[in-house]
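Asker: Take a look at this one; I'll ask things after.
The values are calculated or read from the model by the stated rules, or taken from the named source; none is laboratory data. Everything numeric in this text was worked out from a predicted model, so none of it was measured. Here the Cβ positions follow ideal geometry from the backbone for every residue, glycine too, while neighbour counts run over all protein chains shown. We work out accessible area using only protein heavy atoms, side chains counted, and drop any ligands, DNA or RNA first. Shrake-Rupley method; radii C 1.70, N 1.55, O 1.52, S 1.80 Å.
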Amino acid sequence: MEGVAKFARPGDNAARSLKPGDIAVVDLTDIDRAQAEALVARQVRAVVNAGSSSTGAYPNLGPSVLAEAGVLLVDRVGQRVFADLRSGDRISIRGGAVLKGDKVVVRGQAMDDAAVSASLGAAEQGLATQLGSLTANAADHLERERAMLLEGARVPRLAKRLRGRPVVVVSTTYDWQDDLASLKRFLRERDPVVIAVGEAADELLSRKIRPHVVLGPVDTLSDRALRSGADVIATSGAGQPVGHERFEKAEVDVHTFVAAGQPSDLAIVVAEENDAPVIVQVGQPKDLVQFLERGAAEVASSFVTRLRASRRLVDAAAVAQLSARSVSAWPILLLLVVSVAAVAVALASTPVGQEWFASLTEALPDLRTRLEGLLP
């Protein structure tokens, strides 16, 4: 098989100019259905993937979509492909080898129907194992923290001025910069309570955003964060030291929150227990792969916490979409004018309306004379 190689990574200009018969060179992990369908729609002949099209984390359907459309997939060729090829080079594929002329540039695995089916089966088995582990760990976490999760025991109460307001929980884990940038309007218009988790406090302060609450293990909270004027909540697992000497040195009052779980999850619990009507997540996992790729204990903590706060919890991307859809006043004004005009026309067609309009017409000259008399 031969064709023109086109780099199709995010940000590559050539990705928008893929033509029928091109060979797309991508760097995708766990190709999903939408990504595969986009490539099929471009009528590419083959896909050369630097990454792993299916890691086994969950049964993604992208490779199957490509196989069903007759698109050859060469998997896991490595990042070297972007150094040894240029977008626009004419290449050929033989088995799992990618050649430029007679020279083999990179090698990978040709994903035929059998390989795709085997990968999908392994992923389904791996997902079942992960979900079984998640269930067991979630049950254990719920048992150990039953009082905190179900009754709010030991959860710090915030200052009265912070209670009952929308909350934005900021952690620096996944794409938090983009999340934060998308919330500029929400932060400006709604003035929510901002809870910074660990190192997020320094990141926010450097962007001139002052958190109302900083939360996390003491070793993740800088002196700058402690002295920022925010309420301080120091978290720790049972039996772990809290670090009161640092708080005394910084001359700040501190709440302690002794509980198992990730700091970002404990921040969500704090927000809900303090009557937040909505809790916006910044820097949290965006998909199933990101959610499951962490340690089993972390996943269990996040799973149980999100079940607990599900009726109030929303992702930053959703909030940004909703707050961006502002309604202009002009359509409303135009609708009002049209409505008034329609009523006036309807009245004019009735005897009573005609009598009103006749009286109004007779009164207009007198009104004009009176107004002119008021002018100097």
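Asker: Tally time: how many residues in segment 174-197 are assigned to a loop (DSSP other than H, G, I, E, B), modelled with pLDDT of 90 or more and either open to solvent by 20 Å² or more (accessible area, probe 1.4 Å) or closer than 18 Å to Asp265 by Cβ (or both)?
Answerer: Number of matching residues: 0.
Asker: Return a yes/no flag: does segment 163-173 have any residue that is open to solvent by 40 Å² or more (accessible area, probe 1.4 Å), in contact with a Phe, Trp or Tyr (Cβ under 8 Å, 6 or more places away or on another chain), over 27 Å from Pro59 (Cα atoms) and not in a helix (DSSP H, G or I).
Answerer: No, that holds for no residue.
Asker: Another one. Which residue pairs have Cβ atoms closer than 7 Å, lie 6 or more positions apart in sequence or on different chains, and pair a first residue in segment 248-272 that is free of Cβ contacts under 8 Å to residues at least 40 places away in the same chain with a second residue that is open to solvent by less than 10 Å² (accessible area, probe 1.4 Å)?
Answerer: Here the result reads Ala250/Leu226; Val252/Leu226; Val252/Val232; Val254/Val232; Val254/Ala234; Val254/Phe247, each pair linking segment 248-272 to a residue that is open to solvent by less than 10 Å² (accessible area, probe 1.4 Å).
Asker: Follow-up question, since we're still on this one. Just to be sure I understand, how many residues within segment 22-31 are buried (at least 19 other Cβ atoms within 10 Å of the Cβ) and either in contact (Cβ under 8 Å) with a residue 60 or more places away in the chain or not in a strand (DSSP E or B) (or both)?
Answerer: Kept after step one, since they are buried (at least 19 other Cβ atoms within 10 Å of the Cβ), are these residues of segment 22-31: 22-26, 28, 30-31.
From what is left, the residues that are either in contact (Cβ under 8 Å) with a residue 60 or more places away in the chain or not in a strand (DSSP E or B) (or both) are 22-23, 25, 28, 30-31.
Adding up the residues that qualify gives 6.
Asker: So which of Ala34, Ala15, Ala118 is within 20 Å of Asp287 (Cβ to Cβ), at pLDDT below 95, open to solvent by 20 Å² or more (accessible area, probe 1.4 Å) and assigned to a helix (DSSP H, G or I)?
Answerer: Checking each option against the conditions leaves just Ala34.
Asker: Would you pick out the residues in segment 142-158 that are without any contact (Cβ under 8 Å) to a residue 40 or more places away in the chain, open to solvent by less than 100 Å² (accessible area, probe 1.4 Å) and not in a loop (DSSP other than H, G, I, E, B)?
Answerer: Within segment 142-158, just Ala147 meets the criteria.
Asker: In segment 75-96, which residues are closer than 20 Å to Gly21 by Cβ and outside any loop (DSSP other than H, G, I, E, B)?
Answerer: Val81, Arg90, Ile91, Ser92, Ile93, Arg94
For every residue, the table says whether it meets (1) modelled with pLDDT of 90 or more; (2) part of a loop (DSSP other than H, G, I, E, B); (3) of a type in the set (Lys, Arg); (4) more than 15 Å from Leu221 (Cα to Cα).
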position: Gln240; (1), (2), (3), (4): no, yes, no, yes
position: Glu245; (1), (2), (3), (4): no, no, no, no
position: Thr256; (1), (2), (3), (4): no, no, no, no
position: Ser264; (1), (2), (3), (4): yes, no, no, no
position: Gln281; (1), (2), (3), (4): yes, no, no, yes
position: Gln284; (1), (2), (3), (4): no, yes, no, yes
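Asker: Give the number of residues within segment 63-99 that are open to solvent by less than 10 Å² (accessible area, probe 1.4 Å) and either in contact with a Gly (Cβ under 6 Å, 6 or more places away or on another chain) or of a type in the set (D, E, K, R) (or both).
Answerer: Number of matching residues: 2.
Asker: Next question, about the same structure. Restricting the search to segment 248-290, which residues are of a type outside the set (S, T, N, Q), open to solvent by 10 Å² or more (accessible area, probe 1.4 Å) and within 19 Å of Glu151 (Cβ to Cβ)?
Answerer: His255, Val258, Ala260, Gly261, Glu272, Glu273, Asp275
Asker: I've got another one for you. Please determine whether any residue of segment 319-332 is open to solvent by less than 50 Å² (accessible area, probe 1.4 Å) and at pLDDT 85 or above.
Answerer: Here is the first cut: in segment 319-332, the residues open to solvent by less than 50 Å² (accessible area, probe 1.4 Å) are 319-320, 323.
Narrowing further to those that are at pLDDT 85 or above: none.
The answer is no; no qualifying residue exists.
Asker: Here is a check on your reading of the model: is Ile209 in contact (Cβ under 8 Å) with a residue 60 or more places away in the chain, within 21 Å of Val232 (Cβ to Cβ) and either among the charged types (D, E, K, R) or touching a strand residue (DSSP E or B) at 6+ places or on another chain (Cβ under 8 Å) (or both)? Before the answer, list the steps.
Answerer: Details: in contact (Cβ under 8 Å) with a residue 60 or more places away in the chain: no; within 21 Å of Val232 (Cβ to Cβ): yes; either among the charged types (D, E, K, R) or touching a strand residue (DSSP E or B) at 6+ places or on another chain (Cβ under 8 Å) (or both): yes.
So Ile209 fails the test.
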